[in-house]
1. For the chain, which DSSP H helices look membrane-span-like by this rule: Cα extent along the axis of 30 Å or more and mean Kyte-Doolittle of at least -1.0?
2. Can you tell me, using C-alpha contacts under 8 Å and at least 6 residues apart, the relative contact order of segment 2-141 as a whole percent?
3. If r is the Cβ-Cβ distance from R105 to T68 and R0 is 22 Å, what FRET efficiency results, to the nearest 0.05?
4. How are the Cα pair distances of the chain distributed, in percent, across 5 Å bins from 0?
5. Taking the Cβ of R55 as the center, what net charge do the other residues with Cβ under 13 Å away carry, scoring Lys and Arg +1 and Asp and Glu -1?
6. Only four residue types carry charge here, +1 at the Cβ of Lys and Arg and -1 at the Cβ of Asp and Glu. Report the dipole size of the chain about the Cα centre in Debye, rounded to the nearest 20.
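Throughout, read-outs are computed from the coordinates displayed, never taken from laboratory work. Just so it is clear, the model here is predicted, and its values are computed rather than measured. A quick note on method: Cβ atoms are made from the backbone with ideal geometry, for glycine too, and the neighbour counts reach across all protein chains shown.
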Amino acid sequence: MADHTANDVAVLQEATRLLAGVALRSLEILDGAVTLPQFRVLAVLADVGQVRSARVADALGLEASTVTRLVDRLSAGGYVARGIDPTNRSAVTLQLTRTGRQLVRRVVAWRQSELERMLTYLSAADRRSLTSGLAQLVAVAGESYGAIAVHRLPL
C-alpha cells in the first residue's frame, strides 16, 4: 500500500507542477504587466469584490505591508483602486478597476482554453475519471484550500 501511496503522491506532484506551469504561462499573455503574486491579489479581488486590504492579506496569507506594496504597483498600473471604508475611515478598501477586471478575464480565459486543449488528448472515460478524482480531492481539502490561507485538513 505504501508503494501505491508514494506513486500517487508523485503523480500529484507532477500534476501540481503542470498546473503551476499553466498559471505561470497564462501571465505571459500580459507581457509582464503583472507578476504571479500581483495576479493573486487581482484574483482575490475578482472573487470578493470591494474589500478591506486586511481581508486580502488574510486571504493570501500575507502580511498587510506586503499587500500594500503589491497594491502600490497594481494601483500605479491602473488595475486596482483604493478607497476608504465608510464605517472605519482608517481602513483602506480595494477593488478592481475595469482594466483590472479585463486583465483577470483574459488570464482566466487563456487558462481555460489551455486546460481544454490538454483535455482533448484524453478519452471521454479518462476525462471523467480525472475530473471525478480531482473533484473528490478538492472536496476533501476544501474548495478554497489553495486560494486562501486556511487549512481544513488535519496537519
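1. Membrane-span-like by this criterion, though nothing is claimed about a membrane: 2-28, 98-119.
2. Here the relative contact order equals 22 percent.
3. The value I calculate is 0.30.
4. 2, 8, 14, 18, 18, 14, 11, 8, 4, 2, 1, 0
5. Once positives and negatives cancel, what remains is -2.
6. In debye, rounded to 20, the chain gives about 620.
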